[in-house]
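K.L.:
Here's a structure for you.
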Amino acid sequence: MRQNLLLYLMFLLSIVLIACKAQNIEKTDELIISCENTKSKLEFPLESAELKWLQTNSEKCSRINEFLGTFEYSDDSIEYMQTFVKMKLKNENYKLERFIELYCLLQKNPAALIDGTLDKKKE
């Protein structure tokens, strides 16, 4: 009886592990595809530091792709993310989400940085 129970538990554990591994593979595949799209849109030269950064930061690379998709891969959004990646290489403290917030803010109000209309609580 104990042997059967042990075999049954091992069988259930293997099913759970296989399912978890499949989910991780799907997520990894999505990140890879998304990042490949980002790299093609940003058009950094092969072997460039920028391209290497994108390759080693797949989650950020995927997030950049989401951002670009939101703004329909406009020339302006692509140029903005190219600038972010270049700046990130010079200063590791730059945060992608903050750059995205700033872009969205400026899309709503292009003069927000100079007209004093920034939400003071969020500064």
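The values are calculated or read from the model by the stated rules, or taken from the named source; none is laboratory data. Only a predicted model underlies this, so the values are computations on that prediction, with no experimental measurement involved. Neighbour counts are summed over all protein chains in view; Cβ atoms, including those assigned to glycine, are modelled from backbone coordinates with ideal geometry. SASA here: full protein model, heavy atoms, side chains in, ligands and nucleic acids out. Shrake-Rupley method; radii C 1.70, N 1.55, O 1.52, S 1.80 Å.
K.L.:
Within segment 75-108, take every residue that is of a type in the set (S, T, N, Q) and surrounded by 12 or more Cβ atoms within 10 Å (Cβ to Cβ) and give me the one that is farthest from SER40 (Cα to Cα). Write out each step before concluding.
P.N.:
Start the filter on segment 75-108 by keeping residues that are of a type in the set (S, T, N, Q), which leaves 77, 82-83, 91, 93, 107.
After this cut, where a residue has to be surrounded by 12 or more Cβ atoms within 10 Å (Cβ to Cβ) as well, the list is 77, 82, 107.
Numbers: SER77: 14, GLN82: 12, GLN107: 24 Å.
Per the criteria, the residue is GLN107.
Let's see how each residue does on (1) assigned to a loop (DSSP other than H, G, I, E, B); (2) among the hydrophobic types (A, V, I, L, M, F, W, C); (3) modelled with pLDDT of 95 or more:
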| residue | (1), (2), (3) |
| --- | --- |
| TRP53 | no, yes, yes |
| ILE78 | no, yes, yes |
| GLN82 | no, no, yes |
| LYS86 | no, no, yes |
| LEU89 | no, yes, yes |
| LEU106 | no, yes, no |
| ASP115 | yes, no, no |
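K.L.:
Could you say which residue among GLU72, GLU59 is open to solvent by 50 Å² or more (accessible area, probe 1.4 Å), out of contact with any helix residue (DSSP H, G or I) (no Cβ under 7 Å at 6 or more places or on another chain) and of a type in the set (Asp, Glu)? Explain how you work it out, then say what you get.
P.N.:
Values: GLU59 fails: out of contact with any helix residue (DSSP H, G or I) (no Cβ under 7 Å at 6 or more places or on another chain).
Of the residues listed, the single one that is open to solvent by 50 Å² or more (accessible area, probe 1.4 Å), out of contact with any helix residue (DSSP H, G or I) (no Cβ under 7 Å at 6 or more places or on another chain) and of a type in the set (Asp, Glu) is GLU72.
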